[in-house]
1. Within segment 146-167, track down each residue that is more than 25 Å from Lys183 (Cα to Cα) and loosely packed, with under 11 Cβ neighbours inside 10 Å.
2. Go through segment 130-171 and report how many residues are farther than 20 Å from Leu97 by Cα and assigned to a loop (DSSP other than H, G, I, E, B).
3. With the structure loaded, tell me whether Asn162 is among the polar types (S, T, N, Q) and more than 25 Å from the chain's Cα centre (by Cα) or whether it fails that test.
4. Collect the residues in segment 168-196 that are hydrophobic (A, V, I, L, M, F, W, C) and exposed (fewer than 11 other Cβ atoms within 10 Å of the Cβ), keeping them in residue-number order.
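The values are calculated or read from the model by the stated rules, or taken from the named source; none is laboratory data. Since we're looking at a predicted model, the values are computed, not measured. For neighbour counting, all protein chains shown are included, and Cβ atoms are generated from backbone atoms with ideal geometry for every residue, glycine included.
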Amino acid sequence: MKLSNTLPAEIFRMALDSIMGHKFRSFLTILGIVVGVMTAIVVASILTGLRQSIVAMIEEYGTSNIYAFHLTTGFGEANREERSRKPLTEEDAEAILKQSDAVEDITSVAPQIGSFGDGFDDNLTYEDKNYRWALTDGVTPNYDKITNLVLREGRFITEADNQQRRNVLVIGVNAADALFPNKEGEIVGRVVRMNG
């Protein structure tokens, strides 16, 4: 009975003596444990943030959308066969919509021209302000509903804008902040030039 009562106290005393006798080794051990735990926490945080970013990106483009391209969407140069393909047209989009009986619940088709190769180097200007490397797209009026766009102010392109070929421009948050600093609520109706 006496042996079992003194054993934990003796073990604790021996451990404490060992730590005090080898202070530098003990410090390095504790440092290694702290660095290891912190590294695991940082990696887990980065992975969680990356996952949330990817989910947000997918939700932004719509989780039930299908995108069709006349070229592959990968990086690098297109091969000869890809370069000879004709671009998809609005008639192609209408044909997809007409043949949508084969696929359930196709409600709309929104042709898009621009950011996937053709329109990345656009320059937006307003008075003396300049926004370079604007990502631009030519879209149809139903594009905002398909891609879940939320506007900070103003409205999206309408069918009347499209039919009358009005010069209408919807700019993103980064472009708005660069061209109209501290002018929130005063942007709608301003003339912004693109590449001009």
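1. Scanning segment 146-167 gives Glu159, Ala160, Gln163, Gln164, Arg165.
2. 20
3. yes
4. Selection gives Val173, Val188, Val191.
This table checks each residue for (1) closer than 24 Å to Glu60 by Cβ; (2) among the basic types (Lys, Arg); (3) at pLDDT below 85.
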| position | (1), (2), (3) |
| --- | --- |
| Tyr126 | no, no, no |
| Gly138 | yes, no, yes |
| Thr147 | yes, no, yes |
| Ile157 | yes, no, no |
| Glu186 | no, no, yes |
| Gly189 | no, no, no |
